[in-house]
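Okay, so here's the structure we're looking at.
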Amino acid sequence: MSDGPLSERSGSTVDLETLLRAEAPQVLGALVRRFGRFDTAEDAVQEALLAASRTWPAEGVPQDPRSWLIRIGYRRMVDLLRSDGARRRREREVGAAELAMRETDRRADPARETDDGLTLLLLCCHPALSQTSQVALTLRAVGGLTTAEIAHAYGTAEATMGTRISRAKEQLTRAGARFTPPTAADRDSRMAAVMRVLYLIFNEGYTASTGEELARTDLTGEAIRLTRTLAGTVPDDAEVTGLLSLMLLTESRRAARTGDDGELLPLDEQDRSRWNRGLIREGTELIDGVWNRREKGPYQLQAAIAALHAAAGTPQETDWPQIAMLYLWLERLTPTAPVRLSRVVAVAQAFGPARGLALLDDLNRRHGLDEDPLTRQRERAVRAHLVQMTGDTGVATSLYREAAGLTDNRVERRYLLDEADRPVERGEDDHASQRAAPRDPDG
């Protein structure tokens with residue numbers, strides 16, 4: 001029996017995987033909102049997605065795919081709850097949910113179509129969870145990645161990642177987390193957590209912590225997709241717009257980051273004709289559209305820096321003094337180690353390696369960039385390049401080797417070792433900026 005009218009489109013002409021991935025968080029959010037059972041709802045959604053993958057290619061995609069999936073997921077949810085050992089209590093929950101569905105005034109419908117997806121994102125980034133758990137749960141519940149895919153991205157065993165995700169769900173239950181939009185009092189902090197998690201996912205994809213490849217396009221693509229969804233949900237949030245702009249402008253350089261043999265290419269050596277002009281245009285338009293608003297946040301400032309890089313037709317045309325100024329502004333807002341290290345690079349490019357080294361020494365004395373886990377490796381790489389620019393190739397070689405020993409990414413390690421083996425003074429270029437690019441959400 002059909003579950004609603006089907007469109008004339010066939011599965012062969014519709015990208016079902018993309019459609020199902022986009023709808024899954026909305027369906028999961030709707031079921032969690034109505035039943036309050038995260039684990040059971042996730043199982044029900046998987047059943048609904050399987051049913052769609054079997055039915056739609058033959059019968060066509062429904063006129064309203066989301067409603068079709070929610071209806072199937074709801075039925076499966078009822079079955080799962082009824083099979084629970086505490087049948088009577090579960091049936092009372094089911095009865096209450098059925099009543100809520102029938103009575104409009106008792107139904108907690110979202111204010112707009114995408115609210116369930118936003119609320120699900122906020123739930124996955126609940127303050128009761130660690131940052132690692134927030135990332136894993138977001139990728140699983142909202143991104144639709146399998147546990148195996150998430151484990152591979154973070155270089156851990158599937159069983160370990162599965163345990164981490166299960167514990168995150170249990171923590172939400174123990175914390176009494178509810179599938180409700182945040183209050184006005186905590187909305188800003190919860191949105192900040194969501195943006196931080198999305199940027200962490202993007203950065204892990206852009207420069208993978210481990211493995212044979214420099215980048216993980218599945219993670220960068222998923223981070224951009226989720227941020228687009230978030231930006232569509234809160235179009236007036238300038239920081240979310242800034243985050244999307246930053247991701248697009250950064251991603252625009254991906255194809256030029258490595259050469260034909262897979263070696264890492266610093267920014268000044270990249271073939272800029274390979275930069276994605278469509279992403280540059282979109283990212284620049286986004287940051288230009290919110291730049292004149294009174295409040296400036298960290299993601300807007302980073303997007304403005306990325307736009308200045310994208311606007312330079314050659315390395316020599318880069319406006320390094322303005323970039324250094326923007327990093328100083330950013331440091332005052334988010335005084336983190338990666339931001340401070342990036343300011344060192346910008347100052348060295350704008351005013352010479354001696355100024356850069358003096359600033360780096362000062363920041364190490366006051367803030368310990370050389371010992372901070374977020375910058376320990378990159379501090380050596382940046383210092384190596386700046387020392388090399390002054391002509392001290394012996395010290396530079398030692399520092400390059402030290403930096404190479406502190407990274408698990410084989411492409412990056414090979415590049416640093418190559419630099420150590422050919423310590424030729426190159427003048428004031430931007431080798432360091434590639435390695436000093438911030439990888440945490442505040443940098």
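The values are calculated or read from the model by the stated rules, or taken from the named source; none is laboratory data. Because the structure is a prediction, the values reported are computed rather than measured. In this analysis, Cβ positions are derived from the backbone assuming ideal geometry, glycine residues included, and neighbour counts consider all displayed protein chains. The area values use the complete protein model at the heavy-atom level, side chains included, leaving out ligands, DNA and RNA. Shrake-Rupley method; radii C 1.70, N 1.55, O 1.52, S 1.80 Å.
Scanning the range 29-50 for residues that are surrounded by fewer than 21 Cβ atoms within 10 Å (Cβ to Cβ), touching a helix residue (DSSP H, G or I) at 6+ places or on another chain (Cβ under 6 Å) and either β-branched (V, I, T) or free of Cβ contacts under 8 Å to residues at least 24 places away in the same chain (or both) yields a single hit, T40. Within the range 340-352, is there a residue that is in contact with a Phe, Trp or Tyr (Cβ under 8 Å, 6 or more places away or on another chain), among the basic types (K, R) and closer than 25 Å to I224 by Cα? The answer is no, given that none of the residues of the range 340-352 is in contact with a Phe, Trp or Tyr (Cβ under 8 Å, 6 or more places away or on another chain), among the basic types (K, R) and closer than 25 Å to I224 by Cα. Contact annotation: residue pairs with Cβ atoms under 6 Å, 6 or more positions apart or on different chains, pairing a residue in the range 287-305 that is in contact (Cβ under 8 Å) with a residue 24 or more places away in the chain with a partner that is among the polar types (S, T, N, Q), are I287/S245; V290/T241; P298/T334; A303/S245. In the range 247-268, of all residues being small (G, A, S) and open to solvent by less than 10 Å² (accessible area, probe 1.4 Å), the one that is nearest to L198 (Cα to Cα) corresponds to S252.
For the range 53-63, the criterion of being closer than 18 Å to A22 by Cα, at pLDDT 80 or above and in contact with an Asp or Glu (Cβ under 8 Å, 6 or more places away or on another chain) is met by at least one residue. Checking each residue in the range 194-210 for being open to solvent by 30 Å² or more (accessible area, probe 1.4 Å) and over 9 Å from the mean Cα position of the chain (by Cα) picks out S209, T210.
Condition check: acidic (D, E), in a helix (DSSP H, G or I) and more than 16 Å from A193 (Cα to Cα). Does E239 satisfy that? No; evaluated as a whole, the condition is false for this residue.
From the list L374, L369, L360, exactly one residue is of a type outside the set (G, A, S), crowded, with 21+ Cβ neighbours inside 10 Å and not in a helix (DSSP H, G or I). Which is it? Show your work before the answer.
Values: L374 fails: crowded, with 21+ Cβ neighbours inside 10 Å; L360 fails: not in a helix (DSSP H, G or I).
It is L369.
Evaluate the following for A311: is it among the small types (G, A, S) and modelled with pLDDT under 95?
Details: among the small types (G, A, S): yes; modelled with pLDDT under 95: no.
For A311, the condition - among the small types (G, A, S) and modelled with pLDDT under 95 - is not met.
What about E213, is it open to solvent by 20 Å² or more (accessible area, probe 1.4 Å) and at pLDDT below 90?
Details: open to solvent by 20 Å² or more (accessible area, probe 1.4 Å): yes; at pLDDT below 90: yes.
Yes; evaluated as a whole, the condition is true for this residue.
Applying a threshold of 7 Å to beta carbon distances and a minimum spacing of six or more residues, or different chains, the list of pairs starting in the range 339-351 at a residue that is more than 16 Å from A384 (Cβ to Cβ) and open to solvent by 20 Å² or more (accessible area, probe 1.4 Å) and ending at one that is among the aromatic types (F, W, Y) and part of a helix (DSSP H, G or I) reads R343/Y327; A350/W320.
Within the range 135-155, is there a residue that is more than 20 Å from the chain's Cα centre (by Cα), at pLDDT below 75 and either closer than 20 Å to L49 by Cβ or open to solvent by 60 Å² or more (accessible area, probe 1.4 Å) (or both)?
Within the range 135-155, the subset more than 20 Å from the chain's Cα centre (by Cα) is none.
No - not one qualifying residue is present in the range 135-155.
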